[in-house]
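All of the numbers you see were taken from the coordinates with simple rules; none came from a lab. Please read all numbers here as calculations on a predicted model, not as lab measurements. When we count neighbours, we look across all protein chains shown, and the Cβ atoms used for this are built from the backbone with ideal geometry, even at glycine.
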Amino acid sequence: MASDNAGCCGATDYHLSAHEAGLNRARHNIDTWWPALEQGAEAIVIAASGCGAFVKEYGDLLAQDRNYAEKARTVSHAAKDLSEVIGSEPLERLQQVEPKRIAFHCPCTLQHAQKLNGSVESILEKLGFELAPVVDPHLCCGSAGTYSFTQPELAKKLRDNKLDSLEAGKPSEIVTANIGCQVHLNGARRTPVRHWIELVEEALAMTTGVGP
């Protein structure tokens, strides 16, 4: 389902100790999505893994709110990372724009919070991409929500270490599943970093003739 009225998931506020502000954002999103869920929407699909991880926590965060507890649980259950929705599709039928050796940066919020390590890698392999090996893939890139702003020096060191690992296999580009990680890694102006769904979009356009 899609909604033009949904706003920030609330993670930034909540993780900076503005708990009520973060929960109010959650309540707003629940109110926005609820009519569609009542009408039979099967999932709330989220492309940024950081947001997805937080939305999946709505049920726990609002468990004591008598007005939102049940709805929050329903929303959390319906929340799906993009890879969970398209991972079972016959993506191997799509054409690559060109053969590429790429490195995938699996964000902490995808592999640790959502426990979806390997989900995007499987999709990329279905599309025929060669995945470059990444040393210590469990380590954070340094973005960590607002960490790149509150602790810029340490965040930069983590970013440089992560890029060294991602670039060790000589990929032509790096893809990730979280917008914050993408922006932070691209800030080093080294190997270009994109969201992995862009590769799927390009393959789909190549196959159907529709798209970018």
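A few points about this structure:
- Over the chain, dividing the summed -39,500 (n - 2.57) contributions of all DSSP H runs of at least 4 residues by the number of residues returns a 222 nm mean residue ellipticity of -13000 deg cm²/dmol.
- Computed as a quarter of the hull surface, the mean projected area of the alpha carbon convex hull for segment 29-77 stands at 3.2 nm².
- Residues of type lysines that K56 reaches as a straight line, Cα spacing below 28 Å, ignoring anything fewer than 8 places off in the same chain: K71, K80, K115, K126, K162
- Placing +1 on the Cβ of every Lys and Arg and -1 on the Cβ of every Asp and Glu, with no other charges, gives segment 11-85 a dipole of roughly 60 debye about its Cα centre.
- With 10 Å bins beginning at zero, the pair-distance distribution over Cα atoms of the chain amounts to 8, 31, 33, 22, 6, 0 %.
- Unpaired by the 4.7 Å Cβ criterion, cysteines found in the chain: C8, C106, C108, C140, C141, C181
- Here the dipole of segment 46-166 is about 200 debye; that uses its Cα centre as origin and unit charges on the Cβ of Lys and Arg (positive) and Asp and Glu (negative).
- Maximal additional length on extending the V183-N5 stretch stands at 61.7 nm, based on 0.36 nm per residue less the C-alpha distance.
- Placing +1 on the Cβ of every Lys and Arg and -1 on the Cβ of every Asp and Glu, with no other charges, gives the chain a dipole of roughly 400 debye about its Cα centre.
- Per residue, the convex hull around the alpha carbon atoms of segment 140-212 comes to 88 Å³.
- Rg/Rg_globular for segment 73-139, with Rg_globular taken as 2.2 N^0.38 Å and Rg from C-alpha atoms: 1.25
- Compared with the alpha-carbon gap, the fully stretched path from E84 to A36 is longer by 15.3 nm at 0.36 nm per residue.
- Cα gyration tensor shape for segment 1-85, rounded if a/c is under 1.5, else prolate or oblate: oblate
- For R73, neighbours were defined as the other residues whose beta-carbon sits under 14 Å from its Cβ, and their charges (Lys and Arg +1, Asp and Glu -1) total 0.
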